[in-house]
Amino acid sequence: MSGQIDPLVAAALDPARSVVVEACAGSGKTWLLVSRIVRLLLAGAAPSEILAITYTRKAAQEMQARLNDWLRELATTPEAQVRDFLRQRALAEDEISESLPRARRLFEITANSRPTVTINTFHGWFLDLLQRAPLKSGAAGSVALLEQVSPLIEEAWQGLAEQLLDAPDSPAAHSLNRLFRDYGLSNTRSLLQGFIAK
């Protein structure tokens, strides 16, 4: 980003404000969200107080990598570059001078913080909660996030087949037989897998 900061972007970056950001893919949301995390850290928020949740692991990894790169940049690049970095994130000149020492230490602060900034997916974050309080959640024992759904789908098919064998005159059995007759096994499976995906 260069030149004048858009007032809406400046407002979204202000750590004193609560904001909602809605934008299409490729519009710079990741830049904005990670920049807001930096601004929160600069304003004195502890790394453990920051939680960023996204839908995909790829997005979470991208946000984490960008945050790490930027914090490293703040710690190691010449002062003029750090000042420009802060300027691009809507800090006024007097705020830049005041924030410079903390900006230089953010990499160390976050690296030594336990827990540190949390950037995760919804699923990963809820799994973390379950693992931290297994008795309270009713999930005593080891809980893991299932990455591959194919085995579950096969298990569901097997369970459905067993149910239909036990009740061959059920409405579900008649409906499935009609699908098999009209569309065949492969197309029926594709149709039902599409339904599961939605």
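The values are calculated or read from the model by the stated rules, or taken from the named source; none is laboratory data. What you see is a predicted model; the values in this text were computed from it and never measured. Quick reminder, even Gly has a Cβ in these numbers, built from the backbone with ideal geometry, and neighbours come from all protein chains shown. Keep in mind that these areas ignore ligands, DNA and RNA; they rest on the heavy atoms of the full protein, side chains included. Shrake-Rupley method; radii C 1.70, N 1.55, O 1.52, S 1.80 Å.
D14 sits with roughly 50 Å² accessible to a 1.4 Å probe, with DNA, RNA and ligands left out of the calculation. Projecting the Cα atoms of L91, A172, G124 onto the charge dipole of the chain, computed from C-beta unit charges around the Cα centre, puts L91 farthest toward the positive end. In this structure the amide hydrogen of T121, modeled in the peptide plane, comes within under 5 Å of the amide hydrogens of T54, none closer than 5 places in sequence on its chain.
Here the simple spin-label model places points 7 Å from the Cα toward Cβ, and for T76 and L8 these points are separated by 3.6 nm. Per-residue 3J(HN,Hα) values for the stretch 187-192, derived from phi via the Karplus relation 6.51 cos²θ - 1.76 cosθ + 1.60 with θ = phi - 60°, read 5, 5, 4, 4, 4, 5 Hz in sequence order (x marks Gly and Pro). For S97, neighbours were defined as the other residues whose beta-carbon sits under 13 Å from its Cβ, and their charges (Lys and Arg +1, Asp and Glu -1) total -1. All other residues whose Cβ lies under 15 angstrom from that of P15 are scored, Lys and Arg at +1 and Asp and Glu at -1, for a net of +1.
Of the residues I196, A161, V19, the one whose Cα sits farthest toward the positive end of the charge dipole of the chain, with +1 on the Cβ of Lys and Arg and -1 on the Cβ of Asp and Glu, is V19.
Please report, in debye to the nearest 20, how large the charge dipole of the chain is about its Cα centre when each Lys and Arg carries +1 at its beta carbon and each Asp and Glu carries -1 there.
Numbers: 21 positive and 22 negative charges, 37 e Å.
Computed about the Cα centre, the dipole is about 180 debye.
Set against the labelled values [x] 1.52; [y] 1.16; [z] 1.00, Cα Rg over 2.2 N^0.38 Å computed from this structure falls on [x]. Accessible area ranking (1.4 Å probe, heavy atoms, ligands and nucleic acids excluded), largest first, for E155, E62: E155, E62. Solvent-accessible area of D84, all protein chains in place: 70 Å² (probe radius 1.4 Å, heavy atoms, ligands and nucleic acids excluded). Across the chain, C-alpha contacts under 8 Å between residues 6 or more apart give a mean separation that, scaled by the residue count, equals a relative contact order of 20 percent.
Take the solvent-accessible surface of the protein heavy atoms, probe 1.4 Å, and return the percent of it on the stretch 1-42 that carbon and sulfur atoms account for.
Numbers: 1410 of 2560 Å².
Taking all protein chains in place, the stretch 1-42 shows 55 percent carbon and sulfur surface.
Rounded to the nearest 20, the size of the Cβ-charge dipole of the stretch 13-106 about its Cα centre is 320 debye, with Lys and Arg at +1 and Asp and Glu at -1.
DSSP loop (so not H, G, I, E, B), at most 13 other Cβ within 10 Å: list which trypsin sites (Lys or Arg not before Pro) in the stretch 2-111 pass both filters.
Numbers: sites: R17, K29, R36, R39, R57, K58, R66, R72, R83, R87, R89, R102, R104, R105; in loops: R17, R89.
Hits after loop and neighbour filter: R17.
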